[in-house]
Amino acid sequence: MEQRGGSAEADGRASGPASDPDARWLALLMHAAFFLLLGASLTRFLMRHPGEARTPWIIALSIALAVLYLLGPVLGSRPTPRRLTWLGVLVAVWMVLVVLAPSFAWCAVPLFYTGLRILPPRAALALVALLTAFVVAAQLRLATGFDPNLVLAPPAVAAVATAVFVHMQRQAVRQRELAARQRELIDDLLRTRRELAATERREGTLAERQRLSMEIHDTLAQGLSSQQMLLQAADRTWSADPDAARRHVRTATGIAERNLAEARRFVHDLAPADLAEGGGLEAALHALAARETAQAQGALTVRCHVEGTPHAPLPDRVQSALLRIAQGALANVREHSGATAAGLTLTHLDDRVVLDVGDNGRGFTVESGAVRSPHAVRGHGLPAIRARVHQLGGTLTIESAPGEGTVLSAEIPLVPTAPTAPEAPA
């Protein structure tokens, strides 16, 4: 029996019977066997040697051995000094009994178990060897002549009993180690799940913040910018042209009413107000074109055209994104292009929908082979459009040249695909 895993086996000896059901049943069996063997040995002695002078001593020592054995569970299973002292007294009383009455040697097997369960491996083996020697000596005293079985059988029984116990003890240690590893794996899995959930919550929070920033930019911020421009124009013409100033104020009031509706819609469900009013994306784009034309007061005319018929209603998130893209693109046209005419074209194809926003403004030079960083663009207009198209797995194309106007094209697939590059300059 090799001395490996000392601390683990010591823990196993300390907690085995209390925590392992198999060890508990084995302990109960050994306790029962001890008292049966002790009773049988005392009965055999009294039947064969009645009235001898040593009989009172045999009875007294048998009772003392039984009482000592009963004290074992009370002292616990750890190899404490008190527990080791108890084991030494127990073995000493048994040895005296064996010397006085060799038939008590049969109680050795339960004592094997007790020693193996309490002592370290080497000390336990030494105790087993000592007990076996006493058993062999007792058997030879009882025999009328020399019998090889009496010399060989007790060591063989002791070896088998020791091997079985050691095997069971190591199996119990392995099971406890396996259970501990399983608990560690479960703890790691739970910790990983918690970390993943926290990461997903953080990513969801960041995505929601980005979405809200785009929603606010495409609606409230653009509306406030238009109101500011109209009120500044009204302030400049208030004395020279009161009627024009009042028109600017009325237009700004209409924009404020529209922004108020958008703000209430944000509070309700963050859906675009034009879509919430019914009629779908086409009606919302026509309403957007008419509103932009009215707000420009003749400086910009926006027309809307729809080509094709969708085979099925567009998903809500696609309709909302396309409307926000149109709003952002027209805001850029109004603020930066100097255009007098712009057009919205919605094209329904079999597997995708395309929104084109074109103008006849001053245009610009599109950077070839690169996509501008969102931080390099004024405001959130183009970065917000790129982000919306990217989230839907679509492609964004911008065609422009100085003096030739600009065309922005957002192509959204109707079959879910992996997100693509946010912009493809032409």
* To do: With a point put 7 Å past each Cα toward its Cβ, work out how far E177 is from L71 in nm, to one decimal.
  => 3.7
* **Loop trypsin sites (Lys or Arg not before Pro), the range 42-120 (other Cβ atoms within 10 Å of the site Cβ: 12 or fewer; DSSP)** => R54
* **Accessible surface, the range 145-240, averaged per residue in Å² (probe 1.4 Å)** => 70
* L414 long-range amide H proximity, modeled H, under 5 Å -> R352, V353
* **the range 194-333: C-alpha gyration tensor shape, a/c 1.5 cut-off, then a/b vs b/c** => oblate
* Structure fact -> Diffing the range 173-181: the Karplus 3J(HN,Hα) column from phi (6.51, -1.76, 1.60, θ = phi - 60°), in whole Hz with x for Gly and Pro, holds 5, 4, 5, 5, 5, 4, 4, 5, 5
* Structure fact -> Sorted by chain and number, the residues with a modelled amide H under 5 Å from that of V366, at a separation of 5 or more or across chains, are S400
* H167: accessible area at probe 1.4 Å, nearest 10 Å²? -> 110
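The values are calculated or read from the model by the stated rules, or taken from the named source; none is laboratory data. The shown structure was predicted, so the numbers you read here are calculated from the model rather than taken from an experiment. Glycine gets a Cβ as well: all are built from the backbone with ideal geometry, and neighbour counts include every protein chain shown. Note: areas computed on protein heavy atoms with side chains; ligands, DNA, RNA excluded. Shrake-Rupley method; radii C 1.70, N 1.55, O 1.52, S 1.80 Å.
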